[in-house]
Amino acid sequence: MTAASAFAAALDQAQRTVSPISQLAGDAPIGLDRAYATQHALIARRLGRGERAVGVKLGFTSRAKAVQMGVDDVIIGTLTDAMRIEDGSVFDPSGAIHARVEPELAFLLGAELDAASAGDPMAAVAGVAPALELIDSRFRDFRFSLDDVVADNASAAGFVIGPWTSPAALGDGLDNRAVTLEFDGRQTAIGSTGAILGDPRRALTAAARLAAAHGFALRAGTVLLAGAATAALPVPAHGLVEASVTGLGRVSVRIG
Ligand code: OOG
């Protein structure tokens, strides 16, 4: 049986050399536990090179994403400081195999989110923001099983966070706000925050459950990306990619 550390080395190499690899175990699933062990080993390699863990991301919290990728379970991955792109700054697609972009919602944790605090998860939230996520599967043709994509750190490649709004200033609920994705001012996708588990606040509860089950910590001061509100689109060769969420403002990244 191939060890998680060997799978992690292959995924790490794929990302660093911008060369896709085959799915990890062909038709024999590697199993969810070994998939998360692989992801942890992959992140340990990055932290060993000086990166810092700054948050987590959820995957497949929306039906649109689950259908697009043919998988049906919420997963969790790790965000590091090397993946962070300042709002309005540049993402270089030549460092990615076949990057895609998704409009999302981000939470800033003001307190640790764990099984005890998950009953009232918004109490742990210090801010909510529109976000863009850049994803890049290290697997050929962007095709993977659930185990593969867990091992590949949920395809995480980059993320951009817009302005934070404090929970006290949120006003209406979070479950029915329009989310748009625009390329050079042209609307390319539209969705609703309700696409994220019916209400993105459920992403907090889901994250607490997944974190407890798979050895993640959701610490104060870290970011939680709640998952895409629409299907992902290929990153254009150049231009401005922007997302908006009603009442929360806009976030952008320049491609090139
Ligand atoms: C996996 C990442 C999914 C989301 O928001 O659902 C994800 C992928 O589709 O490659 O980030």
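The values are calculated or read from the model by the stated rules, or taken from the named source; none is laboratory data. Just so it is clear, the structure is predicted and the values come from calculations on it, not from any experiment. Quick reminder, even Gly has a Cβ in these numbers, built from the backbone with ideal geometry, and neighbours come from all protein chains shown. The protein model used for the area step is the full one, side chains on, heavy atoms only, and it has no ligands, DNA or RNA in it. Shrake-Rupley method; radii C 1.70, N 1.55, O 1.52, S 1.80 Å.
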Task: Subset of the stretch 99-116 (residues that are more than 10 Å from the ligand (Cβ to nearest atom) and either surrounded by 17 or more Cβ atoms within 10 Å (Cβ to Cβ) or in a strand (DSSP E or B) (or both)) - done: ALA99, VAL101, LEU105, ALA106, PHE107, LEU108, LEU109, LEU113
- [ ] Go through the stretch 218-235 residue by residue and tally those that are modelled with pLDDT under 95 and either farther than 26 Å from ILE76 by Cβ or away from the ligand (no atom under 16 Å from the Cβ) (or both).
- [x] 0
- [ ] State all residues of the stretch 64-77 that are outside any loop (DSSP other than H, G, I, E, B) and touching a Gly at 6+ places or on another chain (Cβ under 8 Å); if no residue qualifies, say none.
- [x] ALA64, LYS65, ILE75, ILE76, GLY77
Task: Looking only at the stretch 118-138, and only at residues there that are surrounded by fewer than 17 Cβ atoms within 10 Å (Cβ to Cβ) and touching a helix residue (DSSP H, G or I) at 6+ places or on another chain (Cβ under 8 Å), the one that is nearest to GLY173 (Cα to Cα) - done: MET122
Task: In the stretch 21-54, residue most open to solvent (accessible area, probe 1.4 Å) [restricted to those that are touching a strand residue (DSSP E or B) at 6+ places or on another chain (Cβ under 6 Å) and β-branched (Val, Ile, Thr)] - done: VAL54
- [ ] May I ask you to list the residues in the stretch 1-20 that are open to solvent by less than 50 Å² (accessible area, probe 1.4 Å) and within 22 Å of VAL56 (Cβ to Cβ)?
- [x] ALA4, PHE7, ALA8, LEU11, ASP12, ALA14
Open item on the list: When you check THR80 against the structure, is it of a type in the set (Ser, Thr, Tyr), within 13 Å of the ligand (Cβ to nearest atom), closer than 26 Å to ILE161 by Cα and in contact with a strand residue (DSSP E or B) (Cβ under 7 Å, 6 or more places away or on another chain), yes or no?
Closed with: no
Open item on the list: Return the pair list, or none, for Cβ contacts closer than 6 Å from residues in the stretch 77-90 that are closer than 23 Å to THR61 by Cβ to residues that are open to solvent by 50 Å² or more (accessible area, probe 1.4 Å) and modelled with pLDDT of 95 or more, at least 6 apart or on different chains.
Closed with: THR78/ALA53; THR80/ALA53
Task: Residue count, the stretch 161-172 (criterion: in contact (Cβ under 8 Å) with a residue 40 or more places away in the chain and either small (Gly, Ala, Ser) or touching a Pro at 6+ places or on another chain (Cβ under 9 Å) (or both)) - done: 5
- [ ] Considering only the stretch 143-256, give the strands (runs of 3 or more DSSP E) lying wholly within it that have at least 1 residues that are farther than 26 Å from ALA115 by Cα, among the acidic types (Asp, Glu) and open to solvent by less than 60 Å² (accessible area, probe 1.4 Å).
- [x] 178-183, 239-245
- [ ] Select from the stretch 10-57 the residues that are in a helix (DSSP H, G or I), within 21 Å of the chain's Cα centre (by Cα) and polar (S, T, N, Q) and list them in ascending order.
- [x] GLN13, GLN15, THR38, GLN39
